[in-house]
Structure formats: structure tokens, C-alpha cells
Amino acid sequence: MSKRIDVKDLDIYYGDFLAVKGVSMTIEPRTVTAFIGPSGCGKSTFLRTLNRMHEVIPGARVEGEVLIDGKNLYGKNVDPVDVRRQVGMVFQRPNPFPTMSIKENVLAGVRLNARRISSKAADELTERALRGANLWNEVKDRLDKPGSGLSGGQQQRLCIARAIAIQPEVILMDEPCSALDPISTLAIEDLINDLKSDYTVVIVTHNMQQAARVSDKTGFFNLKATGQPGQLVEFDTTQTIFNNPSQKATEDYISGRFG
Amino acid sequence: MSKRIDVKDLDIYYGDFLAVKGVSMTIEPRTVTAFIGPSGCGKSTFLRTLNRMHEVIPGARVEGEVLIDGKNLYGKNVDPVDVRRQVGMVFQRPNPFPTMSIKENVLAGVRLNARRISSKAADELTERALRGANLWNEVKDRLDKPGSGLSGGQQQRLCIARAIAIQPEVILMDEPCSALDPISTLAIEDLINDLKSDYTVVIVTHNMQQAARVSDKTGFFNLKATGQPGQLVEFDTTQTIFNNPSQKATEDYISGRFG
Amino acid sequence: MSTLTTPPTGTQDPPRPSRLEDVDGVVLSRVRPTTNRPALLLAGVAVVVALVLRLALDVHVALALVLAFVVYLVSVYAVYRTLGGPRVAVDQVLRALIYFAFVCAIVPLASLLWTVVSEGAARAFNPSFLNQTMNGVTGLHDQDYVEGTGPFVGGAYHAIVGTLVITGLATLISVPIGLFTSIYIVEYGAKSRLARWIRFFVDVMTGIPSIVAGLFAFALFVQIFGPRDAKMGIAGAVALSVLMIPTVVRNSEEMLRIVPNELREAALALGVPKWRTIAKVVLPTAASGLASGITLAIARVIGETAPLLVAVGYARALNLDALAGPMNTLAVYAYSMFTKPLSPAVRDPSLERAWAAALLLVLIVVALNLLARLIATIFAPKSGR
Amino acid sequence: MNAPATSSPRTRGSAVRRPGDVLFGGASLGSAVLILLVLAGVAVFLVLEALPALTAPGEDITGGRGLWAYIWPMVFGTVVASVIAMVIATPIAIGIALFVSHYAPRRLGRAVGFVIDLLAAVPSVVFGMWGMAVFAPRLGPLYAWLEANLGWIPLFADASASGRTLLTASIVLAVMILPIITSVSREVFLQTPRLHEEAALALGATKWEMIRTAVIPFGMPGVIGGTMLGLGRALGETMAVAIILSPGAFTWNLIGSGNVTIPAEIALNFPEASGLRLSELIAAGLVLFVITLAVNLFARWIVDRRAAFSGAN
Amino acid sequence: ACGNDNPTAGLTAGAAEAGDLTGDVKASGASSQESAMTAWIAGYQKVQPGVTVQYDSIGSGGGRENLIAGATDFAGSDAYLDEEERQKVTEVCGPQGAIHLPVYISPVAIPYNLEGVDRLNLRPEVLAQIFDQQITSWDDPAIVADNPDADLPALDITVVNRSDDSGTTENFTEYLHEVAPEAWPHEPGKSWPVSGGEAAAQTTGVVDVVTRTPGAIGYADASAVTGQAAAIGVGEEFVEFSPEAAAKVVDASEPADTGVEGDLALELARDTTESGAYPIVLVSYHIACSAYDDPERAAAVKDFLSYVVSEEGQDVAARAAGSAPISADLREQALSLVDTISGDGR
Ligand SMILES: Nc1ncnc2c1ncn2[C@@H]1O[C@H](COP(=O)(O)OP(=O)(O)OP(=O)(O)O)[C@@H](O)[C@H]1O
Ligand SMILES: Nc1ncnc2c1ncn2[C@@H]1O[C@H](COP(=O)(O)OP(=O)(O)OP(=O)(O)O)[C@@H](O)[C@H]1O
Ligand SMILES: [Mg+2]
Ligand SMILES: [Mg+2]
Ligand SMILES: O=P([O-])([O-])[O-]
């Protein structure tokens, strides 16, 4: 059920601006892959190409292939809607729907994708997703209040709950813990570990410990120079990247800082 | 220039909801104070009362006193605008002005207040602030481009630059590094260390290493239970909090997690 | 929250179904990939249906189009339901409805604009029409013109000037009042009772019939200037303001409201006083919407006739003084040329003038719109759409 | 922002206010109050001028059966015309706004938005002339068809050959208010936060589902605002209706001559009116004013606008 | 300003000696006079360039009200002042009250739209029944009886009336009321009393609808009617409208008693049987004060009104607006009536 992702020589553009260049990698099913790299090097941009969210930005486009279980995401016969259902996403900035209650927020994706949903199933799914995101205890008494009245970290966990509620096959997370406290972060990391047994997980993080803790493979993105496109400098097992990187740039980045 | 802050028995409300209760503490001038605690416990809320940003939210109010150099912030004759000029703030979510270029964003505090500034001084100030926020190299060639075209981390650093450009006496930072990569984080931490020699700095962070690295004093906030108001559980030197906390809750929180 | 006692994710849960479709009570609705080829094909079919209905069966055009569209909707729904599932079908149907809404609107609008342009273009760009007034022009001149014994005399210069003066004054009155009111509602009065009431009464104000506004302004000016001298340009501007203010307030309110709070907070936290925050951050961020709203409000009143006839009167000659005597405006000019031709027997020259005046009015608004857009792009957020 | 909407006391910590704020806040409050004064002025004016008609004996009123008997058919006409106009215009306007903001290529969208804005500028007289000369005749055959096929419904009882009917006037009103509703809706739809749109898309929403979950809820208050503006115009429009409609006594029949709206009745008869007749007309204006008031109360009652869900955060 | 505020300057050669009066004259009232008034003002400007005349066509009722309120110097009106108004007007016009000058006489034509029917004879009863919607088809025997030669189709009659209150309607319904009281049961008035017909705003609207709708018939100020129009039964003959035919009715009419010596408010002889007279006419007056407080204003008003009733004034209006010039006899009376206006407030 989890999926294997093959990226082949992917160039990513914003209009005429080449933001990321020549990425190739293979992400195995049932693994956690982390992307690290300095700010602005194109981690978010690359992540968004994996569920075709990139093309939502006017003028944005890609060249190259992304294969999920051998099927090109950008092929003729692929509906981005279907892609996005299978490849869920959590954004860098929490974005709960302001007009929906907490519960409705969690169920938003389910409601979109389901023709029918019994109220029992809805309750169950809500609870499971909120527990999964370690938010249940905090909000169980106010499920009908607007989602925008939560603290920043609570909002982010709400978004995670929303994304896992539809139980996608691949989950992309763009710095999911940057707004979280350690306890929630721990819970999310546990969740990621859980998910791994069924799903393919890809996260972007600035926290190298986090990358080291949760990921099986790590990709290091970097910019040659400002204004140059971002590139995948090195992609290997997390072990190798952190202990024995083959590239100087990776080593500098890793060792320069411990998080 | 730096100021001493005394908080006396502060209760903070959103409408009828008591979010934070009975906080008392003293923040010495020329120190860095960090607040840690689980998500939703009221760290951001409390921080916002220190420069009267809390009252901007409709229905929000406080009871109690906040004294800056002995003068009650919430006294009769205090202009919140003056307070905010002395007590700068960086928010959890980057919020550059979309109508302004990068440079204008940095100069916003000056320009919006219609303070006169020669173009040479403006250039100088821009550079100094951007260097301070470790953003200068990345944006020096596109100072006239809109600030909203930057990556998340770049935007956050832009906001830091904007806040330090007005050279306040106290600087409040609400998880300033949560969107930053390690290199930028390091730069910001260095910056905080620099600032300390002149200013009083208060930061909220989820990163305990960060708290340990940069702060002199640490305050631990916690919720007794969900729905209860947040409270200041313990406030002491960082050393004590991390090595020898007097409260069980603090110890649990600190030891439960290292990062 | 007892922080550390919270167990990690759902260990106490029964084994979790790892697929949404495995959850009891959830019926999934999958999306299968489709292309837009069937839609294009069906659109072609619908066009054929429309043509057959219209040409072969002689059904009314509107009816033929509606029927063809219904055929299209039904078939698109059916086809995409089989190809892509119900969600894709609904998506396609709504897409069709939205495009149809667009076509629905464009047809009458294009017809109207075409009528105005084609009827008005001949006269509107004639320099003598643009710089002559109607002073001394009578039906005799029109008759001479139609018989070919005289030139075409009589233009809209005075009406153009009058339009600019009266609408300009109305704008000067309404925009500050309207903008400040919306600022009060959104920024100062947030959630206060007064703000709610004001918003309510502004809505009520949108329903004042224009002629009542004219009568009101006239009555007001009679109180000030006496009945003999009450008709003047400024009275018309006041009448138009009564109509314009609610539009400005309502529009601006909506535009201010969607400015994100975080920008306000960013500015306030920099020690910027509230009023400067509003003036320098909120208003520029909303500039595009505000400009288009104000243009819309101007457009709303620039074509008014009834209140101006009541409050300003009807001038044949040039009058630059908004504080004395009647003035003319393009809308009033067009109205009177339509309904009261100079020479009742020879209507054409008057009709030409009327359409030309209407076209000029539209052009003035085009210019205003362009200006508004220019202003908006100067202030508008530098990114996004 | 889930603070309960109570009127909890607000701490105004200080009595100090800066001159700029005092001026700006004062100007804002002043303008707001000025608007209330103007509205009160209009109301007082209407009542004073309508008073003679309100107190006159019934047989002196046009029609001879009292003021209410004179006015209610117009109320019917006004309400029906506005309702039809709104029913037609609102969905179409929202459709166009979505087309411009989310469906059309950017250039086309902008051009369309521009053209539609222009239409707001076409003087109502021109709408009237166009409606009478170009539009109404085209509808004649349609009405004949309606009568032939749906004639058993009283609304389509007797077709007008000229097409100058209440239904025609309503459709033209719909065209007239279209730009107003479209313009406001378009602006708010364009402002939908990217984040929310992307949140919906990332959950596997189709375009329409994205619009339904992110765009429309965010823009709803704005759309309602625009709709109220449009409704105001539909209720208050004079000249176009006066020219297009072939007015007459009350009838259920929407596709024949007959019925009139209050503003049209005022505009048509005001020039020759004096004394009590003028007063009657202004009384009709007063009734329209009250209708607007009632409609707004009703609208407020239905949609408690915005409530806790503000788009601004 | 760069515009040309005197566009007709080069067109009319050899204007008469320019007079030296100055002042401004304000008037308002009947819209029926609009075209004629435009012509009078333009013509008068050449005679007295120092006097500006301003006329707002706001309707007869408004014109009379303005005069009574002192807002204008004279009124244009399709009807003369009634008893109550004559009482009130003495407040601004001195004890003598106001005078009426019949300045604009125009036939009310009955335009119709029937292809191939070039002449349509309608006697008053038939006319009344058609407009009362008692006769609903063009091949009704009552119509055929008077039009044996016409090829009348079996077409429904569409009656087109004014949708706005108007002097034309008032004159037309007065005519029907007086001449065919049995067939026309309605009271005369400014608003059209029969429902169910097509209604259109203003004279041009009525003419438009009639021209556009086959089988339509209406009534409208003759100046705007250029197509088919019915001949009306007067006595034993059928008369088509023409300025001369209309003027004959006016000549046959008696002045009404308004309490002012020599006043020219007319009781129209609509039931005249005089040969060649066209009985449906609209007479529009200028109603001026018999005395003004301000001698200069009195002089200006007097001068302008003299111009209006003068041969030249009537001729200009006839050509520009298609009205019927008043007869020489009536003109004499009118001029001497104008002469009685005084400038000393008495
Ligand atoms: N919408 C956009 N239009 C144009 N350029 C963009 C857009 N979004 C991002 N970029 C540019 O693309 C590059 C990569 O940005 P991206 O957001 O992917 O960086 P990132 O690695 O995620 O950084 P961070 O760690 O700060 O989030 C940057 O130079 C950025 O300025
Ligand atoms: N605008 C608001 N209206 C009502 N309640 C609010 C508002 N903002 C925050 N709260 C509530 O106040 C409490 C404290 O929130 P706060 O944002 O201060 O938490 P925090 O400690 O900063 O959390 P995080 O680490 O996630 O940012 C929470 O229960 C939150 O739901
Ligand atoms: Mg990123
Ligand atoms: Mg916070
Ligand atoms: O001159 P009218 O009163 O019929 O318009």
C-alpha cells in the first residue's frame, strides 16, 4: 500500500526562474525520508512537486519525471486530484480552514473524498486523527469551536490531523514541527514512526536531530550560490549522511551546527 | 537603554476566557529570558502583554501590573504606541508587509512613523539590520523586490531585521527560529547574544537547547489541565531550571525531551 | 494537560484500519483520471443541438440555448460520472455552470455595449460635438441639418463639464465620508453596537430610490437658498452622495475586512500609531479593492438622471459655477435627448446626441477604471495573483 | 478568535491618545454618525412630505380607495421585480466572479472584469432604451411560447407582444446589478488566502471542491455585502424600469403589461405631480424605505454575518 | 474654458437690432412646451442678448407650484390655474393674481400602425370604445362602417397610452369625456384610467411603441407623429390633424372667467362641429404674474412674453416644434394682455 517514488532528473521552475535543478532520487516504500538544507534552497518547492501542489502556483511548472510505483505523476492520464488524495501534505505554516470548526477541519478531507460517512465513523475518525496528532486531549471539549482560535502549535497539529485523517499512501510534511513544543514534536515523531509501517513519509526539517531520529534516508539540498538553482547535493541513508557524508558541503552543513 | 521588567500578578483574558493566570516575575536588564512550555499554555499570550499587543485583539484584556523600569505599562498615562516603540516584537509567523519591498519592510518602523531619514542613513540602517538578521547576503541584490517572494525562513529573518531596525530597548521574540535552518538559527542566536549587551531580550522557544544556549533565565509555563489557565510554574536561572529544577513538572518537561 | 502522561498515539485503540475505505460507515468516492476531450465533444454536440433547435425547429434562441445547455449538463454529468466518478462529474457540471454564467452575462452586456458604441461612435468623436454646447440650438437647426441645408450644431461640452464637476464633487463628498465610515466599522468600532447599527443603516440607505435622494437634496437647499435659487450643481452632488456613500462604505468595508490581521499587528508592534497603521498599511494593502469599489460607486451615480433633474435643473449653456444655476450632465443630456428631442418630428439628430453622450459616459468610466487600476497597482501587494 | 461575542469591558489602559489617533478616529466616528444623520434627514423628509397623503381621506387618493390600496400593487411589483432580479443575478454574478478569479486565464479574467465594471457605468436611461428597443422585442416570442405551453400557470397567463413586461424589466434589472455583485465578489474571491486554497487542494479536492471549502466560505460575507448593494439598486432603480415596463394595474401575470415598481411610479408621475399627488408619491417612497429596512432586518436575521469566523486571521 | 458656448453664432445672419434690456427670467413647467421653449429662448437671445431665460420642463403641476411659491417668474402649464391656485398666487403676484397666455397650441394626433391602411376614419364614439378596450379588433363592424374602402385586418388592437401623468392624457380624456360621454365612462385626468393596454413614457415612448407594434393605436402630441394618424369625426366629416385645423378650435373657444380682465384662459370648444376643425387639441399656457415687485424683472418678463406671442415667436415655435401658431386675432388680445403686467407690485 505504501508507494515507491522515483524522481528522474527533475527541474522545477517558477515562471522562468529555475528554482531546483536536476533532482534524481528513489524513495523506498515504508521509509521515512528527510530533506535538509539551508533556507531557500528549494526543499519546500521540491516537496510540492511530489503531489503536484507545485503547479497550483501560476506559472509554476516542472520538467522531468516523478514516478509513483512506476506511474508518472505528470503523465497524461493522471488526475492531480487523485494524486493529492494518495499523497497527503502538511504545510510549513498551519492553515486550518477559518470558517470550519475543529471537527469539520479534521473531517474536511474525508468529507471531500467520501460519498457518505456515518456520524459514528465521523466521530471515530476525528478522535483517531486528533489522537494521532496529539491534540485530542486539548480540544476534545471544544470540537465545535472554530479552528482558528487555537494556538500556533495547536493549529499545526490540527493540520496534521486533517492530513492523516484521509490516510493517504504517502505523506509529505513541510517542517511539521517547527511550530511545536517538544512534547508535540515527540508525538509527531512517534506518529511518523507509526506511519512508516504502512506509508511512505517524506519530511522537510531544519532540525537535524529530528532528521537523524526519524528518517531512514536523508537528502541534503543546497544552493551553489545565491541566485543559482537549488540542487540535491547528496542523498543516502541517514547514517551515512550524518556520519560519513561523501560531499564536503554536506559535512560542512552537518558539522557546522547541531540543531 | 535596556530595561528591567516587573510583572505583578498578571491575569490575561480573551473575553471571558482566562488564558494565563497570576504571573509574577522580574526580568533584569541586559539579560536574555526564555519561556518554554507545552503548546497552548499561554507563552505567546503572555509575551504579547509585555508590549501591549494583547489588547489589540477585540475583547482581550489584562488584570495586574507590568512595570518597565518601575513604570506601569498599563497605567493611565501610558501610550501603547510608545510602549511598542520601546518594546519590539517578532512574531511566530513571519508577516512581512506585502505592499512593500524588502528594503521598505526593513525601514517600515521608521517610515511608517514618518520619521525623517536621509537616504544614506536609510541604506546604512537597512544593511545593518539585514546583516544583523543574517539575511544581507541573500537579498542584497534584490532589495527592491517584494518581501513576500522570499522563502519562509527568509521572511522570518526579514521580520527580525524589521524589528531590530527600530532599535527598541526590549525585544520580544515569539519562536523566532522555528522557521529557520540551523545556519540562520545560529546567526539569530549570535544576534541575541550581541543584543544582550545593550538590550533586554525575551524569547519564546520550543527548542530547549536554544533556551539553554542563549538564555540567562528561563520561565516554564504549564497548564494544570486542559481548559485551565496557563501558569508560570517556575522561573529561575537557566542553569537551575535545566539542572536542578525545583518543580516536578519542570523536571518532567525538561528531561522528557532533549530537543 | 498532564503533559507527560499523555500516551503516545492511540496505543489503546483497536487495531486501526489503515485505509479510509476500510473504516466502517465511510463510502469513498474515488476520482479517476479524465481528460477534457469528452467535455469538448459534448460541447460540440450541444452547439449542434442548439443549431438544430433554432434553425430546423425554429425554437426561440434563448430557449434553444438553454435546452442545449441542459442537454450538455446532463450528458457531461453522465459521461464524467462513468469516466471519473461523481466528484469529477460535479466538478465538470459546476465548471460548465460557471462558464455558462459568464456567457449568460456577456451576451446582454456585449449587446448593450455594442448598441452604445455603434449608435454613439459616429457623433461622439466629432470635435464640434465635444466642444459645443446646446446654447441657442433649436429644432430648426436639426431640421436644417436633416434637410442638408445646415451643419450639425449642438454638442455636449457643457454636459461633459457638468458631469465632471458634479460627479467630482459627489466623489469628494462621498469618498472621505464613506471610507472613514468603513474604517470606523472595521477598525475602530469592531464588534461595538454602534458599528453594527451603522452597517445596518448603510444597507438601508442603499435602497433609497434615486429620485427621493434628489427631492431630499432639493428640499435641503431650498431651506438654505430659498426656492428661487436652490437649483445648483452642488445640490446635485449632495443628492448623488446620498446614493454613493452606501456603495463606498459597503465596498470599502469588505475590502478592509480581508486585510490580514497579522499585518495590522506587525505595524502596531513596530510602534506605529493605529491611525498610521490604517493609513499606511491597511489602506494600501486594500488599495486595489478600494479603488475598484470607488470606481464602481462613481459609475453607479454618474449615470443618474432623476435626482439631477430635480436638484440641478436642466442647462442648455455652459455653467462652471456649481454654486449657482442649473448645470447639465451627460446622463441627463442623454435622457432629455431621448425623451424630448429638440424637434419632435425630426428625432434622429437628437438620438445621435443621446447615444453619443451615453458612449462618452462609458468612456469616462473606462478612463476612471484605468486610473483606479493604475492607483491600485502602485499600492497593491507586490506578489500573489 | 473564539472569544464569545460578549460585550466584556475593554481595558483602555490609558487616557492618553495621540492627536493623530484622535483626529483619525474622530473623523471615522464623525463620518459614521454623519451618515446616520443623513439617513435620519431622509427619513424625516419622507415622513413630513408624506404626511398629507397619510392623513388624507381615502377617496382623495388616486384610485379612490385609500393610500394602501394605491400602494400595495406597487409594493408587489417592486418586490417581485427585485426578487427575480436577485434570483437571476446573484448566481450568475458569483459564477462570473469565480470565472474571473479562478477559472479564466489571468489576462482574460482581467479583461472580463474590466468590461463588467464598465457596465456599472452605463446610465440607466441607456439600459432603458436598450431594454425597450433591443431586448424586449427579442423576448416577445419567448413569452408567446410560455403562454402557449405554460399558460395554465397564472404567472404566464397572457403574453405581451411588445415584451415590455415586469419579467423583462426584472431581467434588465438583473443585468444592471450584475456588475455590482460581481465586482465585490471578485475582489473578495481574489483575496482568498493561498494557504487555504492549497490546504483544500492538498486534501485531494477538485477545483470546485476547493472553491466550496476555501473560497466561498471566505468570500461569503463579501458576497452578501455585494448582494445587498445589488438589492438596494434593484429596489431603487427608476429610469430603466420606467422606460422598459409597460405599467398598469396589479396582475399576477409576469409576461404581460401591468404592475409597476415604486421608484418607477415616482419617476413617471413626479413631474406632473403637485399637492396631494406629490405627497402620495413620497408616501410610496416612504413605503419603499420601510421595505428596504425590513429586507435588511430579515437578511440580518438569517445571516448573522461573520460571527466568529473572520477571514482576516 | 475652451468649449464653444455659442455654437449657432455663425448660422443666423442679420439678427434684428439687439435690445438693451438686462436681467434673468426663470420659468418652469409643462414638458410639452420644451421644444418650442428651446426655440423661443434661442430666438429671443438674438433680440435681447442681455436677458437670460431659464426654463425647466418639470411638468405643469410643478411649474404652477413654483410660480405660487415664488420660485419662478412664470409657469408653463397645460391647464390654467384652478380656483384654489388663483387664490394662492395672489400672494406673490399682487391682488390681481396671474394672467394666462395661450402660447402653444398643438393637435393631439391619433397615430396607428396598420400596414396598407392609409386613411382611418374614427368617429368619437368609436375612438372612445377603442381606447376603452370595448372594441378589440380592427375588423370590428363599427370601424368598418366608417372605412368602407380600407382593407382592415382581423388584428387585435393594441391601445398605447401614456404611462406617466401628462397634460396630453388630460386633454385627450377631456375630449372623450365631453364628446362621447356614453362610450367613455371615465373622468378626465392626467393619468390614464383604463388598464390592460400598453403604456409608454413620454410622447416619444408612445410614438415608438405604436411604430413598432402592428395593430397599435395611441395618442400623442402631433408634433412627434410623422406616420399614419387617424382622421377624427367632427359633425359629419372626418378631419385629419393639422395646425390650421387645431387653431380653428381655439378660435371657436371662449375665454374662461378667471377674474382677471381680458385673461385668455380658454374653455376649449371640443364639441365644435365647425367644418375643418380638428377637435383634439392641447393648449399650453404661460402663466405670469400681473404684477412684479421688481420693475426690471417685470420689463424682462413682459418683453419675453411679447416675443413669444409675436408673429415671429409663434412662427419659430411652429417650425421648430410643429405647433399651431395662434391666430392674428388672439395675438392682438394676448399682446394687450401682456401690456397689463406692471412692475410696481400692484
Ligand atoms: N511562489 C514563488 N514564486 C517565485 N519564487 C519562489 C516562490 N516560492 C519560492 N520561491 C523561490 O524558490 C526558492 C526556493 O524556495 P523554497 O520555499 O522551496 O525554499 P525552502 O528550501 O523551503 O526554504 P525554507 O527552509 O526557508 O522554507 C527560493 O529562492 C524562493 O525565493
Ligand atoms: N485570539 C484568541 N482568542 C481566544 N483564545 C485564544 C486566542 N489566541 C490564543 N487563545 C487561547 O489561549 C491559550 C494560550 O494560547 P497561546 O497562543 O498563548 O499558546 P502558546 O503557549 O503560545 O502555544 P504555542 O506554543 O502553540 O504557540 C490557548 O488555549 C489558545 O487556544
Ligand atoms: Mg520551506
Ligand atoms: Mg505561541
Ligand atoms: O406634455 P406632456 O404633459 O404630455 O408630457
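The values are calculated or read from the model by the stated rules, or taken from the named source; none is laboratory data. Model, not experiment: these values are computed from the prediction. Backbone-built Cβ (ideal geometry, glycine too); neighbour counts: all protein chains shown. We work out accessible area using only protein heavy atoms, side chains counted, and drop any ligands, DNA or RNA first. Shrake-Rupley method; radii C 1.70, N 1.55, O 1.52, S 1.80 Å.
Taken residue by residue, region D:91-102 has no member that is under 30 Å from D:Leu276 (Cα atoms), open to solvent by 10 Å² or more (accessible area, probe 1.4 Å) and out of contact with any Cys (no Cβ under 7 Å at 6 or more places or on another chain).
D:Ala199 falls short on exactly one of the conditions (1) without any contact (Cβ under 8 Å) to a residue 24 or more places away in the chain; (2) open to solvent by 10 Å² or more (accessible area, probe 1.4 Å), and that condition is (2). Meeting the requirement of 1 or more residues that are more than 25 Å from the chain's Cα centre (by Cα) and not aromatic (Phe, Trp, Tyr), the helices (runs of 4 or more DSSP H) wholly within region D:62-166 are D:67-98, D:106-119, D:136-150. Under the condition of being among the β-branched types (Val, Ile, Thr) and under 30 Å from A:Asp6 (Cβ atoms), the residues counted in region A:64-119 number 8. Among the residues of region A:21-47, those identified as in contact with a helix residue (DSSP H, G or I) (Cβ under 8 Å, 6 or more places away or on another chain), within 23 Å of A:Asp69 (Cα to Cα) and within 13 Å of ligand 3 (Cβ to nearest atom) are A:Phe35, A:Ser44, A:Thr45. Name every residue in region B:187-206 that is out of contact with any Leu (no Cβ under 9 Å at 6 or more places or on another chain) and either assigned to a helix (DSSP H, G or I) or surrounded by 19 or more Cβ atoms within 10 Å (Cβ to Cβ) (or both), in order of residue number. If the condition is that a residue be out of contact with any Leu (no Cβ under 9 Å at 6 or more places or on another chain) and either assigned to a helix (DSSP H, G or I) or surrounded by 19 or more Cβ atoms within 10 Å (Cβ to Cβ) (or both), then B:Glu189, B:Asp190, B:Leu191, B:Ile192, B:Asn193, B:Asp194, B:Leu195, B:Lys196, B:Tyr199, B:Thr200, B:Thr205 are the ones that fit.
So which of A:Arg84, A:Arg93 ends up being facing chain D (nearest Cβ under 10 Å), more than 29 Å from C:Thr34 (Cα to Cα) and either part of a strand (DSSP E or B) or among the basic types (Lys, Arg) (or both)?
Selected residue: A:Arg93, the only one of A:Arg84, A:Arg93 that is facing chain D (nearest Cβ under 10 Å), more than 29 Å from C:Thr34 (Cα to Cα) and either part of a strand (DSSP E or B) or among the basic types (Lys, Arg) (or both).
Selection over region C:220-248 of residues that are closer than 19 Å to D:Val188 by Cα, touching a Lys or Arg at 6+ places or on another chain (Cβ under 8 Å) and hydrophobic (A, V, I, L, M, F, W, C) gives a count of 0. Within region B:213-242, the set of residues being among the aliphatic types (A, V, I, L, M) and either surrounded by 15 or more Cβ atoms within 10 Å (Cβ to Cβ) or in contact (Cβ under 8 Å) with a residue 24 or more places away in the chain (or both) comprises B:Val214, B:Leu223, B:Leu232, B:Val233, B:Ile241.
Of the residues making up region E:212-229, those that are in a loop (DSSP other than H, G, I, E, B) and open to solvent by 30 Å² or more (accessible area, probe 1.4 Å) are E:Pro214, E:Thr226, E:Gly227, E:Gln228. Just one residue in the set B:Leu67, B:Leu50, B:Leu130, B:Leu135 is at pLDDT 90 or above and within 16 Å of ligand 1 (Cβ to nearest atom); that residue is B:Leu130.
Applying the selection to region B:174-218, what residues are under 24 Å from B:Arg111 (Cβ atoms) and within 11 Å of another protein chain (Cβ to nearest Cβ)? B:Asp174 - this is the single residue of region B:174-218 that is under 24 Å from B:Arg111 (Cβ atoms) and within 11 Å of another protein chain (Cβ to nearest Cβ). None of E:Leu335, E:Leu330, E:Leu282, E:Leu264 is open to solvent by less than 30 Å² (accessible area, probe 1.4 Å), in a helix (DSSP H, G or I) and not hydroxyl-bearing (Ser, Thr, Tyr) except E:Leu330.
Taking the criterion of being open to solvent by 10 Å² or more (accessible area, probe 1.4 Å) and within 11 Å of chain E (Cβ to nearest Cβ), the residues of region D:277-287 that qualify are D:Arg277, D:Leu278.
Would you confirm, using the coordinates I've provided, whether A:Leu10 is in a strand (DSSP E or B), away from every other protein chain (no Cβ under 14 Å), open to solvent by less than 10 Å² (accessible area, probe 1.4 Å) and more than 12 Å from ligand 3 (Cβ to nearest atom)? When the stated conditions are applied, A:Leu10 passes them. Listed by position, the helices (runs of 4 or more DSSP H) enclosed by region E:1-110 that each have at least 3 residues that are open to solvent by less than 10 Å² (accessible area, probe 1.4 Å) are E:34-47, E:60-69.
The residues of region D:242-269 that are more than 14 Å from chain C (Cβ to nearest Cβ), among the aliphatic types (A, V, I, L, M) and in contact with a Gly (Cβ under 9 Å, 6 or more places away or on another chain), listed by number, are D:Leu245, D:Ala249.
Scanning region E:192-211 for residues that are in contact (Cβ under 8 Å) with a residue 24 or more places away in the chain, more than 7 Å from every other protein chain (Cβ to nearest Cβ) and surrounded by fewer than 20 Cβ atoms within 10 Å (Cβ to Cβ) yields E:Val194, E:Thr211. Spot the failing condition for E:Gly116; the list is (1) on the phi < 0 side of the Ramachandran plot; (2) more than 14 Å from chain D (Cβ to nearest Cβ), and only one is missed. Just one mismatch for E:Gly116, condition (1). Report yes if A:Ile5 is open to solvent by less than 10 Å² (accessible area, probe 1.4 Å), away from chain D (no Cβ under 14 Å), within 16 Å of ligand 3 (Cβ to nearest atom) and touching a strand residue (DSSP E or B) at 6+ places or on another chain (Cβ under 7 Å), otherwise no. Here the answer is no, as A:Ile5 does not meet what is asked. Is it the case that A:Ile102 is surrounded by 21 or more Cβ atoms within 10 Å (Cβ to Cβ), within 16 Å of ligand 3 (Cβ to nearest atom) and hydrophobic (A, V, I, L, M, F, W, C)? Criteria not met by A:Ile102. Could you list, in sequence order, all residues of region D:180-196 that are buried (at least 24 other Cβ atoms within 10 Å of the Cβ) and facing another protein chain (nearest Cβ under 7 Å)? Within region D:180-196, D:Ile180, D:Ser183, D:Val184, D:Glu187, D:Val188, D:Gln191 qualify. Does region B:97-113 hold any residues that are more than 7 Å from chain C (Cβ to nearest Cβ) and within 15 Å of C:Val272 (Cα to Cα), and which are they? Hits for region B:97-113 are B:Glu104, B:Asn105, B:Val106, B:Leu107, B:Val110, B:Arg111.
Within the bounds of region C:177-192, is there any residue that is farther than 23 Å from C:Asn261 by Cα and either within 9 Å of chain D (Cβ to nearest Cβ) or surrounded by fewer than 24 Cβ atoms within 10 Å (Cβ to Cβ) (or both)? Checked region C:177-192: at least one residue is farther than 23 Å from C:Asn261 by Cα and either within 9 Å of chain D (Cβ to nearest Cβ) or surrounded by fewer than 24 Cβ atoms within 10 Å (Cβ to Cβ) (or both).
Do we find a residue being within 16 Å of ligand 4 (Cβ to nearest atom), away from chain C (no Cβ under 13 Å), within 29 Å of C:Trp275 (Cα to Cα) and buried (at least 17 other Cβ atoms within 10 Å of the Cβ) anywhere in region B:28-43? There is at least one residue in region B:28-43 that is within 16 Å of ligand 4 (Cβ to nearest atom), away from chain C (no Cβ under 13 Å), within 29 Å of C:Trp275 (Cα to Cα) and buried (at least 17 other Cβ atoms within 10 Å of the Cβ). The conditions of being more than 8 Å from chain D (Cβ to nearest Cβ), buried (at least 24 other Cβ atoms within 10 Å of the Cβ) and either of a type outside the set (Gly, Ala, Ser) or under 30 Å from D:Ser28 (Cβ atoms) (or both) are not met by C:Pro284.
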